[in-house]
Amino acid sequence: MRRNAKKKTLRAAAAVLAAVVLLLLPSCETMPEQTASSAGSVSAVSDAPDGGGQADGGVMPEPVPDGGEGESRELTYRVEEYSLREDNLEFSVTYPQIEGTLYEEVNDLLREKGMETVDLLLLEEERRAEALAALSSAPPEESEAQSGDSGGSEAAAASSSAAQEPAAGLQDRYLTLMGGSTCFLPSADFVSVSFTMDITDSSQAYPSREWYTFNYDLRRGEEVTCADLFADLDGLADALREQVEEDGLDESLLAYLTRDRLRAGLPGVPVAFGTGFAEFGFPVPRSAGDVLLISLPLRRASAFRSDNTLWEVIGTS
C-alpha cells in the first residue's frame, strides 16, 4: 500500500550534519524522503516584536537535578529537516530536537507536531490516489440500447469521457508544503515552539497557512496550553484588540477581528512565548492569509495570567 511506504519514509533515521548554524533557518540540500539535522536555532516567522526573540545559538541553561551541586549545564537543541520530492509532491519541514537522553519524550512530541501537517497531507494524497485508481479502472456504463445500436456506442463513449475528466483533474494536482519552526527557549524549564506550514495546492484558488504551537513544562513533563496559562480572558481579549489597532492593520481585518470574535477564540488559540513577548495565532479568511499573529509584550499579557506556577519560569517582562 502507498500509505505503508509513506510510514516507512516518515520513520527514516536522521542523518546528523556537522555544521553549526546561527539564528537563520539552515539551508541544506537533502535527498528525497530523508531527514537531516543541524545544531542551532531556526526561525520561520519574521518580524518578531521588539524585545522578543529566540535563545541565541539554541543554548540555554539546563537545570541541575534535585540534590545536584555546582553550576547548571547548558541545554542545546538541533534542527531536523524532513524532505520529500515526488512527481506531484514537494515537502520540506523543520522541527527542533533537544539534545540529551532526558528529553526523549518531549522530542517525540516535537517530532509529531512538526510532522502533523505532513501526515495529514500524505493521508489525503493516499485517498486521492485511491480515488484516481477507482475512476481509471471503472468500466463504462452499459445502456439498454448499447447492443448493436450506434446510439448506445455514443452513450458508452460519453460515459467513458465523463469518467476520464475527474480522473484527469485528480492526476494534475500539484502540492507543496514548506514548513518551518521557531524554537523559543525562555528558560531551562520551559520550551515554546511555533510551527508555520505554508501549503500551495494547484487545485485551490489560494495558498493556505497553518500556525500552531507546542508549549512544554520540562519540570513536570507536560504540555500546557493557552487555557492553562491565562485566566482573565475578557481582559486578554481587550488587550489583543488594542494591539491590532496599534498595529495598524487593514480596515477589513480590523472589522473582522472584533473584540467579541477575539474573545470567542480564547482560550483555544495557539500561543507561543519568547523572551519578553507572547504571540497568539488567530484564524482569518484565507484571502487574508489564514492566520494573523498578534504579539503582546509579556508585561501586558501577564496581567491576565492564571495562577499556574509556570509563570515563575516564563516571567512577566
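Panel note: the C-alpha atoms of segment 221-317, placed on their principal axes, show extents of 39, 24, 23 Å (largest first). When each of the peptides 238-248, 261-271 is scored by the mean number of other C-beta atoms lying within 10 Å of its residues, the order from highest to lowest reads 261-271, 238-248. Working note: Cα gyration tensor of segment 173-246, eigenvalues times five, square-rooted, sorted largest first, giving semi-axes of 30, 21, 10 Å. Backbone geometry of segment 276-282 corresponds, through the Karplus equation with coefficients 6.51, -1.76 and 1.60 at θ = phi - 60°, to 3J(HN,Hα) couplings of x, 8, 10, 10, 10, x, 9 Hz, x marking Gly and Pro.
A straight chain from ARG128 to GLU312 at 0.36 nm per residue would run longer than the Cα-Cα distance by 61.4 nm. Extending 7 Å from Cα along the Cβ direction at THR225 and again at GLU104 yields two label points whose distance is 2.8 nm. Proximity of backbone amide H atoms, modeled 1.01 Å from N, is registered between TYR77 and GLY40, GLU99 at under 5 Å, excluding neighbours fewer than 5 places apart on the same chain.
How big is Rg to Rh over segment 266-310, alpha-carbon atoms, Rh as the Kirkwood inverse-mean-distance radius? Please report the intermediate quantities before stating the final value.
Numbers: Rg = 12.1 Å, Rh = 11.6 Å.
Rounded to two decimals, Rg over Rh is 1.04.
The label-point distance for ASP234 and ASP172, in a model that sets each label 7 Å from Cα toward Cβ, rounds to 5.5 nm. Between ALA231 and ARG305, SER306, the built amide H atoms are under 5 Å apart, and every one of these is 5 or more places off in sequence or on another chain. Take each peptide in 223-232, 274-283, count the other Cβ atoms within 10 Å of every residue, and average; sorted highest first, the result is 274-283, 223-232.
Taking amide H as placed 1.01 Å from N in the peptide plane, the amide H of LEU218 sits under 5 Å from that of PHE190, VAL191, each at least 5 places away or on another chain.
Model label points for ARG263 and GLU112, set 7 angstrom from Cα along the Cα-to-Cβ axis, are 3.5 nm apart.
Take each of the peptides 84-92, 194-202, average the number of other beta-carbon atoms within 10 Å over its residues, and list them starting from the highest. Could you put the intermediate results ahead of the total?
On the way: 84-92: 15.1, 194-202: 19.3.
Final packing ranking: 194-202, 84-92.
Where a number appears in this text, it was derived from the coordinates with a stated rule and is not lab data. Worth saying up front: this structure is predicted, and the values here are computed from it rather than measured. Don't worry about glycine lacking a Cβ; one is built from the backbone with ideal geometry, like all the others, and counts go over all protein chains shown.
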